[in-house]
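The values are calculated or read from the model by the stated rules, or taken from the named source; none is laboratory data. None of the values given here were measured: they were computed from a predicted structure. Here the Cβ positions follow ideal geometry from the backbone for every residue, glycine too, while neighbour counts run over all protein chains shown. What goes into the accessible areas is simple: the full protein's heavy atoms, side chains included, and nothing from ligands, DNA or RNA. Shrake-Rupley method; radii C 1.70, N 1.55, O 1.52, S 1.80 Å.
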Amino acid sequence: MVDEQWQEMFAAARRAMAGAYAPYSDFHVGACVRGESGRLYSGPNVENAAYPQGWCAECSAIAAMISAGEKRITAVLVVGAPSDGAGGYNDDGHALCTPCGGCRQKIREFAAPETPIHVCGPEGLRRSFTLDELLPLAFGPDNLIQIGE
Ligand code: THU
């Protein structure tokens, strides 16, 4: 993936992160997915007083893509960091904000094993993975098809 495309996804995810609703964890996340059309879809994490009802930024971004009628993801970018409570982020030495297990599975539904997943801090790109690296031997739509059919 060329640098310019990565930068554009980062800008969209960073804007989404600024809109995160995370009063319980104070951990703000923004995600951006690129659809097959080249369009970008982004969204933040949205927490809830009933904690398990909150959802991840990746879910928001995927829902935006599906709402627009797209079904394939060609790249994912996630940016996350703890809030400093003053509109900025406390991110010194913080661990990578890799997608959680549930989100890896949600991404799998719409992406190929070689799809890049870029993991960022507020300052920029930290590491890139493929979906297959983060979710090897994944169960996907193809696993529902009986062998021999
Ligand atoms: N979170 C995400 O939005 N995406 C991830 O990939 C990891 C975790 C959110 C969920 C929760 O609102 C907060 O980060 C702390 O777990």
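Considering only strands (runs of 3 or more DSSP E) fully contained in region 1-89, which possess at least 2 residues that are more than 10 Å from the ligand (Cβ to nearest atom) and surrounded by fewer than 18 Cβ atoms within 10 Å (Cβ to Cβ)? So that I can check it myself, show each step before the final result.
Details: elements: 27-35, 40-44, 73-82.
Fully inside region 1-89 and qualifying: nothing.
State whether one or more residues within region 93-100 are assigned to a loop (DSSP other than H, G, I, E, B), under 13 Å from Val33 (Cβ atoms) and open to solvent by less than 30 Å² (accessible area, probe 1.4 Å). For region 93-100, residues assigned to a loop (DSSP other than H, G, I, E, B), under 13 Å from Val33 (Cβ atoms) and open to solvent by less than 30 Å² (accessible area, probe 1.4 Å): present.
The set of residues in region 101-142 being among the polar types (S, T, N, Q) and not in a helix (DSSP H, G or I) consists of Thr115, Ser128, Thr130.
So is Phe110 aromatic (Phe, Trp, Tyr) and more than 14 Å from Arg72 (Cβ to Cβ) or not? No. Can you tell me how many residues in region 90-128 are within 13 Å of the ligand (Cβ to nearest atom) and of a type in the set (A, V, I, L, M)? So the answer is 5. Against the conditions (1) of a type outside the set (A, V, I, L, M, F, W, C); (2) over 14 Å from His28 (Cα atoms); (3) touching a Gly at 6+ places or on another chain (Cβ under 9 Å), Gly80 satisfies every one except (2).
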